[in-house]
Amino acid sequence: MAILSISQRAKSVPASATMVISTRARQMRAEGIDVVDFGVGEPDFDTPNHIKEAAIVAIEEGFTKYTPASGINELKTAIVEKFKRDNELEYTPAQVAVSCGAKHSIYNILQAVCDPDDEVIFAAPYWVSYIEMAKLASGKPVIVETHPEENFCMSPEAIEKVVSSKTKVLIINTPSNPTGTVYDLERLKAIAELAVKHQFYIIADEVYEELMYDGRKHYSIAAQGDEIKKITIVVNGVSKAYAMTGWRIGYAAGPEDVINAVARIQSHNTSNPTSISQHAALQALTGPQDEVETMRTEFEKRRDYIASRFDEIETVSYVRPQGAFYIFPDVSANYGKIFKGKRIENSMDLADYLLKEAQVAVVPGAAFGYDNCIRLSFATALERIKIGLDRIKQALCM
Ligand code: PLP
C-alpha cells in the first residue's frame, strides 16, 4: 500500500535559520513593533539604475523567452572578461554556467560531483546552506572547526587531518559569511597545494569578493597555478556586489566536464536563469562600477561603527570583519546569566531574548555551527544600526 508521507530527504532539511528569524522579525513589524533587523544577508541599497534600465530594455526588446539552460553567450563572455579583469583567470565561455543565484550554482555543482557518502569539507562557522546542500547531494559534510584566535580560518594542517579517500570537495568561502574572514594569499596557496596533492575539488565561493575592507585585496584560490585551476570551480554572482539579491543570477567557472554536468542538471530543474535578469547582470558586469565602490565604502563605515559599539560591551568580543557585511561577536560570556527572569544558556536563547526584550533580530551562531556567537548583518542603514546597538548594549549591560 502506498504511504502518504514526505521523503526522508525532505524531512531532514530544516528551514534556513536566517529566514526563520527574518520571518519572526517581519511578523513583529506587522504587529506594529519597531524591530531593528540585523538578520538579513542582503544589501539595503537599491539596484543601480543603469542595471534596472537594462532589464526594462530587455523586456521591451522581447528577451522574455527561454535561453540556453546555462545562460546566454553574451553574459558568459562578460563573465569570462570579469574573471580576466579581476582575478587573473582565463576561461572560455564553455567553462562558464550561469544559474539562478550563486546558491543554485553551488547546489548544482555538489549534485554534479558528489556520489553517495563522498565527503564535502568546509569550515565551521559555515554558511547555513553548505551543510544541507551537501546532504541533498548524498554527500557527507565534514567540518573543520575554526576559532576566533585563528581568525576563523581553516589551516592546511587542520584540513589535511580530515582528508580521506572519500574526500570529494572542499568549499572555501572568502570573504566569509558569517565571520567576515578573508583568506590571505599564503594560506590559499598552501590549501591549493593540499588539494592538488590529494586531488579533491575546490568550490571557491567568492560572492563577497567586492566587499573587502582596510585596503585588502581578494585572491582567488583558482589563480594559484594551472594544477589548482583544473580542479577548482569558482562561484560568484551579482547579488551582493550590485544589490541584486532578488534578480537571482549567480555563476560558476571551472573544468568543462563539471560545468557541462551543471548545465545538464540545470536543464532538468530550472532550465535557464531568468532571461531578463541575465540582461541586467550583463549590464552589471560590463557597465560602470562606481556604485559598487560607493556601497563598499558605506559598508566599511558601518563595520567600523558596529565594532566600536561592541567595544563598549564588556561581555562581548569579536574578530574584526575583513570583508562581507557580517560581524560574528562572541557573546558566550553572557551564557548562564539571568536576564529579565530568563536564564540564557546558548545563542538561541540570547537571540530570543534580544528579539523579545530589545526588539533586535540577530541570528544565533548555532545556525552556523558555532554556538558561542551571534551574527549581525550590517547591510542595514547606519541610523538603524545605531538604534539597534543602543538596545543591545542596554539589554546586555543590566
Ligand atoms: N554564498 C554565501 C556565502 C552567501 O552568503 C550567499 C547568500 O547569502 C550565497 C552564496 C548565495 O547568494 P545568491 O544565491 O544570492 O547569489
Residues of segment 162-191 satisfying the condition of being assigned to a helix (DSSP H, G or I) and within 23 Å of Met133 (Cα to Cα): Val162, Ile191
Check on Tyr208, more than 12 Å from the chain's Cα centre (by Cα) and of a type in the set (Phe, Trp, Tyr): no
Within segment 208-324, helices (runs of 4 or more DSSP H) holding 2 or more residues that are touching a residue at least 12 places away in the same chain (Cβ under 8 Å) and within 13 Å of the ligand (Cβ to nearest atom): 275-286
For Leu75: the one exception among (1) touching a Ser or Thr at 6+ places or on another chain (Cβ under 8 Å); (2) of a type in the set (A, V, I, L, M); (3) closer than 23 Å to Ala261 by Cβ: (1)
Count of residues meeting criterion [closer than 30 Å to Lys135 by Cβ, open to solvent by 100 Å² or more (accessible area, probe 1.4 Å) and more than 16 Å from the ligand (Cβ to nearest atom)] in segment 1-60: 9
Among the candidates Lys65, Lys82, Lys76, residue that is touching a helix residue (DSSP H, G or I) at 6+ places or on another chain (Cβ under 7 Å), charged (D, E, K, R) and surrounded by fewer than 16 Cβ atoms within 10 Å (Cβ to Cβ): Lys65
Boolean, Thr167 is at pLDDT 95 or above and open to solvent by less than 10 Å² (accessible area, probe 1.4 Å): no
Looking only at segment 356-366, and only at residues there that are more than 10 Å from Ala395 (Cβ to Cβ) and in contact with a strand residue (DSSP E or B) (Cβ under 8 Å, 6 or more places away or on another chain), the one that is surrounded by the fewest Cβ atoms within 10 Å (Cβ to Cβ): Pro364
Segment 354-368, residues that are over 14 Å from Ile327 (Cα atoms) and touching a Leu at 6+ places or on another chain (Cβ under 8 Å): Val360
Scope segment 99-119; condition in a helix (DSSP H, G or I) and within 8 Å of the ligand (Cβ to nearest atom); matching residues: Ala102, Lys103, His104, Ser105, Ile106
So Ile202, is it open to solvent by less than 20 Å² (accessible area, probe 1.4 Å) and farther than 27 Å from Val363 by Cα: yes
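The values are calculated or read from the model by the stated rules, or taken from the named source; none is laboratory data. Since we're looking at a predicted model, the values are computed, not measured. Cβ coordinates were reconstructed from backbone atoms using ideal geometry, including for glycine residues, and neighbour counts include every protein chain displayed. Heavy atoms of the whole protein, side chains included, go into the accessibility calculation; ligands, DNA and RNA do not. Shrake-Rupley method; radii C 1.70, N 1.55, O 1.52, S 1.80 Å.
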